[in-house]
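The values are calculated or read from the model by the stated rules, or taken from the named source; none is laboratory data. The shown structure was predicted, so the numbers you read here are calculated from the model rather than taken from an experiment. As a convention, Cβ positions derive from the backbone with ideal geometry for all residues, glycine included, and neighbour counts pool all protein chains shown. With ligands, DNA and RNA removed, areas are computed over all heavy atoms of the protein, side chains included. Shrake-Rupley method; radii C 1.70, N 1.55, O 1.52, S 1.80 Å.
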Amino acid sequence: MPLLEEGSVPRDCTRTVPVVIIGNGPSGICLSYLLSGYTPYLDPMAVHPNPILFRKLQEAKQLPITEQDLEFLCEGLEGRSGNPVAVLFDTLLHPNADLGFEFPSVLQWRMEKKHHIPHLVLGKATPGGAWHAMEGSMLTISLGIWMELPGVNYRDLTSGKRRSVSNDRATPDEISSYYKNYVKLMGLQKNFVDNTYVTSVQKRHHSHEKSLGNEKNTGLWEVRGYQQLQGDTHVPFSLFAENVVLATGASDSPARLGVEGEDLPYVFHSVRDLGVAVSCHGKLGSSSDPVLVVGAGLSAADAVLCALNHRLSVLHAFRKRADDLGLIFKQLPKTLYPEYHRVYHMMCSQVYPASPVANPIAPSPSLSPDYTSFPEHCVLSFQPDMHCVMRGSNGVLRVFKVSMVLVLIGTYPNLFFLKEQGQYLGLDPSRPIFCRQNPIDINPYTFECNTEPGLFAMGPLVGDNFVRFLKGGALGIASCLRKRLKQRIEKNRKLITEEEGCGGRGTEGSGGGGGGFV
């Protein structure tokens, strides 16, 4: 069903909702789960291995986690996320996961309709977001259980597919299927509008006293876009929202080198393109020229592993030193990520030897038959004859013939629907939003943008790339909105009491739990 039945709707007929979530990946799905009334409590039978946190949880065990002081619960916790609530929620769902343990969650989920907050989740495809577009045969960096969302065990939906006790990874196909099924199993379909493209999000500045308890929020957000129906039919829509959540992820636009020849047909910017190339008969094989992978992150490592698994020779170029402390591999435990440490070991040990002369035509005889790394190298150009020109830290130019190039140096979110492309929301407003380097500046406990009341962000936009941590954004946002709703209800009740005390008579339902929701 389209959002609006008519292509053009008068402004006074525009629908208003308390919350609009832009993005239907795991971030948006998890937030929809919490806003739908699913409420986390401490399981009375559970014991958390962190005694300090467990004692805090027991002090308010009668209250849902969403109504507790998240800042107090977060104190002293450490983990692989810069967002404290992300670390908190992760340790509640997967206690001591970073130590290799698989303890059960200490949370008990209850469906409480009184905590339901009406919302819409707008996504470009079916629920699952970018997972539908990933190379389906690769294994995720995270264990399958870390990819799961609250309430539905990942293994219950992928029975018989566990690979090993120590390496229970999943494929993107399995994960995307899990997310689609999750939405159905938890009864969230009514909140999701698929095949929806947002083109504009603007603040309409006018007084709106019933704005979900946020006194600073002096207006509504107008969300415009279109929904693609069967065929090429586009149905425009316009919504007003009291709060907007950015959950778009950060994989919309691949980062580019900006060098000559980057648009040539043998240069790609996605690991999926390598999978397509090797699956096409005769396209790439063990006798092909090397595949050049540019980048030193996890996507680049995935490409290296994919190429080696298909017996392709790999040249791997990256700007950093092989022993740079900033490399992501330094943060991954060897026991949990042996594949990535295999790549990192090769990056350090199978280095192209420094030489004052490079052969510009034929592959150098010093190249490894399977993999050769080029630390501290930058690409200067790609030539039409499929030669790549690189320069090392010593200034020496090297030229190699390649069969395919994968430039995997990161991705940018596409926030074109916001003013200034959303750049003004970043920690550094002079630079584009870019996951870890320049995430959106948020309150660390509510995930509300510090420069825009009523606008929230979660997931990769705030630096959380792993599913196990982006779920913390859902906890922070749901907690914030529920507390504001509770404050508004209490304020309304106080006003009614004061009116009755003055001889007035309150109108029926004026202080009800709806709180002005549409």
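Overview of values
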quantity	calculated
From phi via Karplus (6.51, -1.76, 1.60), per-residue ³J(HN,Hα) for the range 75-80 in Hz, x at Gly/Pro	4, x, 7, 10, x, 8
Cross-link partners of Lys203 among lysines (Cα-Cα below 18 Å; sequence separation of 8 or more within a chain)	Lys216, Lys419
In order through the range 388-398: 3J(HN,Hα) via Karplus (6.51 cos²θ - 1.76 cosθ + 1.60), integer Hz, x for Gly, Pro	10, 9, 10, 10, x, 5, 8, x, 6, 8, 10
Proximal lysines relative to Lys283, as straight alpha-carbon distance under 22 Å, when same-chain residues fewer than 8 apart are discounted	Lys401
Probe 1.4 Å - accessible area at Arg204, Å² to nearest ten	80
Packing-based ranking, highest mean first, of 460-466, 380-386 given that Cβ atoms within 10 Å are counted	460-466, 380-386
5 angstrom amide H check on Leu220, placed H, neighbours 5+ away	Arg204, His206
Other-chain or far-sequence residues with amide H under 5 Å of Val314's (modelled H)	Val291, Tyr371, Thr372
Backbone HN-Hα couplings from phi across the range 414-419 [Karplus 6.51/-1.76/1.60, Hz, Gly and Pro as x]	9, 10, 4, 6, 9, 5
Subset of Lys114/Lys184; Lys61/Lys124; Lys113/Lys494; Lys190/Lys330 violating a 31 Å alpha-carbon distance limit	Lys61/Lys124; Lys190/Lys330
DSSP-assigned coil residues among chymotrypsin sites (Phe, Trp or Tyr not before Pro) in the range 83-119, each with at most 13 further Cβ atoms within 10 Å	Phe101
